[in-house]
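First up is the structure itself, then whatever we jot down about it.
The values are calculated or read from the model by the stated rules, or taken from the named source; none is laboratory data. Every value quoted in this text rests on a predicted model; they were computed, and no experiment measured them. Cβ coordinates were reconstructed from backbone atoms using ideal geometry, including for glycine residues, and neighbour counts include every protein chain displayed. Ligands, DNA and RNA are excluded from the accessible area calculation, which covers all protein heavy atoms including side chains. Shrake-Rupley method; radii C 1.70, N 1.55, O 1.52, S 1.80 Å.
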Amino acid sequence: GNNTKTRSYDVEIRDGTSPKRVLFSKKYTQPGVYTEKMYVRYGPGYYALTVRLTTANGIVYDDVFHIGHNIKHMEGLSWMLFLPLVLAAFPLLCFQKKVSWDDEDDDGKNMNGGGGRGVGIL
């Protein structure tokens with residue numbers, strides 16, 4: 001027999017299985033492979049996307065895909081903050097003048113003009 005009913009396929013993509021969290025819905029009139037773009041309005045995170053295809057005869061096919069959407073964007077931001085601080089601190093930490101306690105008293109500018117203990121006018 002010849003199928004006189006027109007072919008139509010209703011496709012829905014949901015976050016989970018709730019009919020309240022539909023991310024994408026479209027009716028197709030031809031079988032085939034399609035590429036669609038959709039907006040995930042719930043923000044970055046991990047999702048279980050349920051893809052539901054309903055035929056004109058009422059047969060329902062479900063499949064679930066687990067994805068992570070924009071979950072590593074903070075990793076790049078932390079490097080953008082951390083790396084300049086490390087690069088700025090590196091010269092300060094590596095190129096310090098070596099301080100010797102022997103050089104401090106031996107500069108030839110004693111307060112009492114000669115040797116001694118540097119007690120000033122007393």
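Applying the selection to region 36-60, what residues are loosely packed, with under 13 Cβ neighbours inside 10 Å and under 26 Å from the mean Cα position of the chain (by Cα)? Residues satisfying the conditions are 36, 37, 38, 39, 41, 42, 43, 45, 46, 48. Whenever a residue of region 42-62 is more than 10 Å from residue 12 (Cβ to Cβ), its partners that are among the aromatic types (Phe, Trp, Tyr) and open to solvent by 50 Å² or more (accessible area, probe 1.4 Å), lying with C-beta atoms within less than 6 angstrom and at least six residues away or across chains, give the pairs 49/65. Every listed requirement among (1) closer than 11 Å to residue 9 by Cβ; (2) part of a loop (DSSP other than H, G, I, E, B); (3) not small (Gly, Ala, Ser) is met by residue 39 save one, (1). Consider region 88-116 and keep the residues that are in a helix (DSSP H, G or I) and at pLDDT below 80. The one that is most open to solvent (accessible area, probe 1.4 Å) is 101. The residues on offer are 17, 6, and the sole one that is open to solvent by 80 Å² or more (accessible area, probe 1.4 Å), in contact with a strand residue (DSSP E or B) (Cβ under 6 Å, 6 or more places away or on another chain) and in contact (Cβ under 8 Å) with a residue 24 or more places away in the chain is 17. For region 61-87, which residues satisfy the criterion of being surrounded by 10 or more Cβ atoms within 10 Å (Cβ to Cβ) and in a strand (DSSP E or B)? Passing the criteria: 61, 62, 64, 65, 67, 68, 69. Of all residues in region 16-50, those satisfying the criterion of being at pLDDT 90 or above and aliphatic (A, V, I, L, M) are 22, 23, 33, 48, 49.
Residue-level check: of (1) free of Cβ contacts under 8 Å to residues at least 40 places away in the same chain; (2) in a strand (DSSP E or B); (3) over 24 Å from the mean Cα position of the chain (by Cα), residue 33 misses just (2).
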